[in-house]
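Q: Before we start, here is the structure in question, set down as structure tokens.
Derivation of every value follows stated rules applied to the coordinates shown; laboratory data play no part. What you see is a predicted model; the values in this text were computed from it and never measured. Here the Cβ positions follow ideal geometry from the backbone for every residue, glycine too, while neighbour counts run over all protein chains shown.
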Amino acid sequence: MESYLCMSVQGEDEGEEVDIVKIYHLKKYFWEGVRQIKALDGIELAIEKGRLTAIVGASGSGKTTLLNTIGGLYRPTQGEVWVDGVNLGELSEDQLTIFRRRKAGFVFQNYNLIPELTVRENILFPLALDGLRADEVFFREIAGLLGLEHRLDDYSYELSGGERQCAAIARALITRPSLILADEPTGSLDVRSAQNVAGVLKMAVEMFGQTVVMVTHNLEIAQVADRVVRVKDGRTDA
Ligand SMILES: Nc1ncnc2c1ncn2[C@@H]1O[C@H](COP(=O)(O)OP(=O)(O)OP(=O)(O)O)[C@@H](O)[C@H]1O
Ligand SMILES: [Mg+2]
């Protein structure tokens, strides 16, 4: 029995990739007229699967640029970004669009809910884009865990900031993405709602084994993370 258990554990580990994001020598430069801005200047970083990683750093240090490059919104000036075994640099624009829709769930500071849609429609929107229907059981589970069951037929203007962000997180979760990328998800919230939203992201990691990368200015919020990565002048300490 003992050897059987050992064998099965080994079997599970075999070939399983621990790091879902791998970043090599990443540079991202912007130009403002003749001025070159080195937003990212040589990032080496691996992000572990099924963990909540916080990215912290001063304003202008490159946090958003890093998150957007991991999410395939920006192409690197130099270097490589691998997500779930795929080198994003090798994807065409169309493939990158599909990657963003299916593999990355974005959560923004200002929620970015569609005001003309109900909470239910907003949550299901990424699936609708792919012509897919929701797994009703999973939808109910998410809505329940995020405390949105009674809000599903409401419009976003009827919700509090915290509820809006929970709806945005539900929308990010519904496609079961490889990654959730959250840029200052608590930045517009009061202390209590901010803690609740951070708790919800942590729950997504614990309940669904979701990988979450969260940019935050707030060091208290960063404490919920399994790991904190500091960005300074376009470089990480990791
Ligand atoms: N699209 C862009 N065009 C030109 N410069 C940009 C662009 N995006 C970012 N930058 C510049 O790159 C640097 C890093 O910006 P970034 O937005 O990644 O910082 P940040 O750490 O997210 O800051 P904040 O905490 O204020 O959100 C800054 O100097 C910024 O002005
Ligand atoms: Mg930013």
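Q: Per DSSP H run of at least 4 residues, take -39500 (n - 2.57); add these up for the chain, divide by its residues and hand me the 222 nm value, nearest 500 deg cm²/dmol. Display every interim value, and only then the final one.
A: Details: 8 runs with 87 residues, N = 238.
Only helices count here, giving -11000 deg cm²/dmol.
Q: Using a 10 Å cut-off around each Cβ, can you sort VAL200, VAL191, VAL34, VAL81 from fewest to most neighbouring Cβ atoms? Intermediate results must be reported in sequence, preceding the final value.
A: Values: VAL200 19, VAL191 11, VAL34 5, VAL81 23.
Result, fewest neighbours first: VAL34, VAL191, VAL200, VAL81.
Q: So, one more: Once R0 is set to 35 Å, what does the formula 1/(1 + (r/R0)^6) return for the Cβ-Cβ distance between ARG230 and ALA128, expressed as a FRET efficiency to the nearest 0.05?
A: Efficiency at R0 = 35 Å is approximately 0.35.
Q: Using 0.36 nm per residue, how much length does the chain from TRP31 to ARG101 gain when fully extended, once their Cα-Cα distance is taken away? Can you show the working numbers first?
A: Values: separation 70, 0.36 × 70 = 25.20 nm, distance 2.79 nm.
Going from the current span to full extension adds 22.4 nm.
Q: Let me ask something additional. If you rank PHE108, PHE30 by fewest surrounding Cβ atoms within 10 Å, what's the result?
A: PHE30, PHE108
Q: Let me ask something else. As a test, work out the antiparallel percent of DSSP beta bridges whose residues both lie in the chain, rounded to the nearest 5.
A: The answer is about 55 percent antiparallel.
Q: Let me understand the chain better: what is its radius of gyration from the alpha carbons, and its Dmax, in angstrom?
A: In order Rg, Dmax, the Cα atoms of the chain give 18.5, 69 Å.
Q: Collect residues whose amide H, placed 1.01 Å from N in the peptide plane, falls under 5 Å from the amide H of THR236; neighbours closer than 5 in sequence don't count.
A: Counting only residues 5 or more places away or on other chains, the set is GLU44.
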